[in-house]
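**Q** My questions will all concern the structure given below.
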Number of protein chains: 2
Amino acid sequence: MGSDAGMMTIYDFPRGPYPARVRIALAEKNLLSRVRFELVDLRKGEHKQPSFIATKNYSGTLPVLELSDGTLIAECTAITEYLDNLDGAPSLTGRTALEKGLIHMMNKRAEIEFLDAVSVYFHHATPGLGPEVEVYQNVEWGLRQRDKAIRGMHYFDGVLREQPFVAGAAFSMADIAVIGGMIFSELVKLPVPESCGALRAWYGRMQERPSVQHWRRPQG
Amino acid sequence: MGSDAGMMTIYDFPRGPYPARVRIALAEKNLLSRVRFELVDLRKGEHKQPSFIATKNYSGTLPVLELSDGTLIAECTAITEYLDNLDGAPSLTGRTALEKGLIHMMNKRAEIEFLDAVSVYFHHATPGLGPEVEVYQNVEWGLRQRDKAIRGMHYFDGVLREQPFVAGAAFSMADIAVIGGMIFSELVKLPVPESCGALRAWYGRMQERPSVQHWRRPQG
């Protein structure tokens, strides 16, 4: 089977919104039994330590996937591409050129217009992970990103008025990215506007997926 | 053949670093004869006009691909996924799970650590596209992103000391993303440090590729 079939390690922080994306993808692909999780404590800034940056992920972010041969894959989208294509039957990243294009567009849009914007707000305009970790903050930038995220909620609400899933007719990693945005919004107490009925209803449906329910369970 | 085989439109600005990524991908895939280009004048802020945002790309960025049936695909990575998979023989985005994972990781890293950082520097800490377009600037943030981009150059220099291409043994869209960073760096006069010999040598090799030479030619 080669090294791809071996046990994999995920470096993450269980409740983190970005780690949630990969944990949901793992559950969607029935791969949870193939991974062990190693805690990197965000609250202690372990992801910003020089050793982590030098040996695991230059960008100093979570999660990171390590294959049994030591190969490292960082970035949620990249990890999802890897996991989704392991069995030759991609269900999250698209099968045809058109599906791949639309899913990647909406996945990226979910990041820049919503999830990443909430993250910048959290790290720059709230106490974030605390003064030891947040060694530089740009409050004005953080507040602008908060406003961008709220506009993003309205945008995705409009998308979900027209179609059942973020990238069209089927669940995909673009839905997982918006779920990441919703999780982060809850965390920073940035409520989804009442008027975003389609986004709220979609999120209700997402909560019923076993993969999301699995992530919601208390974790050790 | 269906709508995928029809003539496509690319909304872009020929000399833009992000448009360059898709133009290089089109040349790599021998698809230039299948597209027509429609100018969206960045200098006039046409990409930030409400009509462009409402009908072409919510994020107000270039390039955008429009298929003959009106389907829109924005974001360079998404457009490249589409173009690369049209013929069922991906050469830029990876064939195996491992290739896809590594290429997407390095492609994203090229964006966040280099290309996007140069872009933020340009739009926030230089005159950018001029006062009519740059209606909000955060100079401090822009300067930090400039410094991040320079660190990114050193990072990619280290990568290219170890392997011939950004994502490993073969040319991929991750190389194209770093090429985008180099093009943008030239534009904003942010020189690559002399000490980055491997990055400079790699860029010299990239200039020899017909796809990059095609982009370099004067365009109407």
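The values are calculated or read from the model by the stated rules, or taken from the named source; none is laboratory data. It should be emphasised that the depicted structure is a prediction, and the values quoted were computed from it without experimental measurement. For neighbour counting, all protein chains shown are included, and Cβ atoms are generated from backbone atoms with ideal geometry for every residue, glycine included. Areas reflect the complete protein model, heavy atoms only, side chains present, ligands, DNA and RNA absent. Shrake-Rupley method; radii C 1.70, N 1.55, O 1.52, S 1.80 Å.
**Q** What are the semi-axes of the equivalent ellipsoid of segment B:67-124, taken as the square roots of 5 times the eigenvalues of the Cα gyration tensor, listed largest first and rounded to whole Å?
**A** Those come to 24, 19, 6 Å.
**Q** For the rotation bringing A onto B, which A residue has its Cβ nearest the axis, and at how many Å?
**A** A:Trp141, 2
**Q** Please express the Cα-Cα pair-distance distribution P(r) of segment A:1-95 as a list of whole percents, one per 5 Å bin, running from 0 to the bin with the greatest distance.
**A** So the P(r) values, bin by bin, are 3, 14, 26, 26, 17, 9, 4, 1, 0.
**Q** Continuing with this model, one more query. Whole angstrom only: what separates the Cα centroid of segment A:52-96 from the Cα centroid of segment B:54-85?
**A** Value for the Cα centre distance between the two parts: 24 Å.
**Q** With no solvent and one point per C-alpha, what does the Debye sum give as log10 I(q)/I(0) for segment B:13-67 at q = 0.14, 0.16, 0.17, 0.31 Å⁻¹?
**A** Per q value, in the given order, log10 I(q)/I(0) is -0.38, -0.49, -0.55, -1.31.
**Q** Would you mind listing the distances between the B:Arg15 label point and the same position in each other copy? Use 7 Å along Cα-to-C-beta, nm, one decimal, shortest first.
**A** Spelled out, the distances from B:Arg15's label point are 5.2 nm.
**Q** For B:87-99, what's the mean count of beta carbons from other chains sitting within 10 Å of each residue's beta carbon?
**A** 3
**Q** What does the highest-first list of B:36-46, A:106-116 look like by mean Cβ count within 10 Å?
**A** Listed from highest to lowest mean packing, they are A:106-116, B:36-46.
**Q** In addition: Nearest 100 Å², what total accessible surface is buried between chain A and chain B (probe 1.4 Å)?
**A** Chains A and B together bury approximately 3400 Å².
**Q** What distance in nm separates the simple spin-label points at B:Lys44 and A:Asp69, each placed 7 Å from Cα in the Cβ direction?
**A** Result: 5.3 nm between the two label points.
**Q** Could you work out how far the C-alpha centroid of segment B:120-148 sits from that of segment B:8-43, in angstrom?
**A** One Cα centre to the other: 25 Å.
**Q** What does chain A give for Rg and for Dmax, in Å, if only its C-alpha atoms count?
**A** Computed over the Cα atoms of chain A, radius of gyration and Dmax are 17.1, 52 Å.
**Q** Same structure, new question: Please report the antiparallel percentage of DSSP beta bridges with both residues in the protein assembly as shown, rounded to the nearest 5. Could the numbers behind the result be given before it?
**A** Details: 14 of 24 bridges.
Among the beta bridges of the protein assembly as shown, antiparallel pairing accounts for roughly 60 percent.
**Q** Another question about this same structure. Can you flag which of A:Lys56/B:Lys189; B:Lys44/B:Lys189; A:Lys148/B:Lys108 are past 24 Å Cα-Cα?
**A** Those over the limit are A:Lys56/B:Lys189.
**Q** What residues in segment B:42-62 lose 20 Å² or more of accessible surface when the other protein chains are added to their chain alone (1.4 Å probe)?
**A** B:Tyr58, B:Ser59
**Q** Return the tail of the calculated pair distribution for segment A:116-175, meaning the percent of Cα-Cα pairs more than 19 Å apart.
**A** For segment A:116-175, the share of Cα pairs beyond 19 Å comes to 45 percent.
**Q** Computed FRET efficiency, Cβ-Cβ of B:Ser33 and B:Glu186, R0 35 Å: what is it to the nearest 0.05?
**A** E between B:Ser33 and B:Glu186, to the nearest 0.05, is 0.80.
**Q** Next up: Among the aspartates and glutamates, which have Cα under 20 Å from the Cα of A:Lys48 when same-chain residues fewer than 8 positions away are ignored?
**A** List returned: A:Asp12, A:Glu38, A:Glu66, A:Glu75, A:Asp116, A:Glu132, A:Glu134, B:Glu111, B:Glu113, B:Asp147.
**Q** Still on this model: Which of rounded, prolate or oblate describes segment A:72-176 when judged by the alpha-carbon gyration tensor and an a/c cut-off of 1.5?
**A** On the way: a/c = 3.60, a/b = 1.58, b/c = 2.28.
Cα axes put segment A:72-176 in the oblate bin.
**Q** Further question: Taking the Cα atoms of segment A:116-220 alone, what are Rg (to one decimal) and Dmax (as a whole number) in Å?
**A** That works out to 14.9, 44 Å for Rg and Dmax.
**Q** To one decimal in nm, how far is B:His154 from the same spot in the other copies, if labels go 7 Å from Cα toward Cβ? Please give the shortest first.
**A** Copy-to-copy label distances at B:His154, shortest first: 4.3 nm.
**Q** From the label point of A:Pro127, set 7 Å from Cα along Cα→Cβ, how far away are the matching label points in the other copies, in nm, ordered shortest to longest?
**A** Reported distances to equivalent positions: 4.6 nm.
**Q** Considering only protein heavy atoms and a probe of 1.4 Å, how much of the accessible area of the protein assembly as shown is carbon and sulfur, as a whole percent?
**A** 55 percent
**Q** Ok, one more. Among DSSP bridges having both ends in chain A, what percentage is antiparallel? Round to the nearest 5.
**A** Here the antiparallel bridges make up roughly 60 percent for chain A.
**Q** Once phi is turned into θ = phi - 60°, what whole-Hz ³J(HN,Hα) does the Karplus curve with 6.51, -1.76 and 1.60 give for every residue of segment B:184-196, x standing for Gly and Pro?
**A** Coupling constants for segment B:184-196: 5, 4, 4, 4, 9, 6, 10, x, 6, x, 3, 5, 8 Hz.
**Q** In whole Å, what are the Cα extents of the protein assembly as shown along the three principal axes, biggest one first?
**A** Per principal axis, max minus min of the Cα coordinates gives 59, 48, 47 Å.
**Q** Over the protein assembly as shown, give the accessible area per residue in Å² for a 1.4 Å probe, as an integer. Kindly include the intermediate steps, with their values, before the conclusion.
**A** On the way: 18270 Å² over 440 residues.
Averaged over the residues of the protein assembly as shown, the accessible area is 42 Å².
**Q** Mean separation of Cα pairs under 8 Å and 6+ residues apart, divided by the residue count of segment B:112-220: what relative contact order is that in percent?
**A** So the answer I get is 26 percent.
**Q** Given the -39500 (n - 2.57) contribution per DSSP H run of 4+ residues, what per-residue ellipticity at 222 nm results for the protein assembly as shown, rounded to the nearest 500 deg cm²/dmol?
**A** Rounded to the nearest 500, the figure is -15500 deg cm²/dmol.
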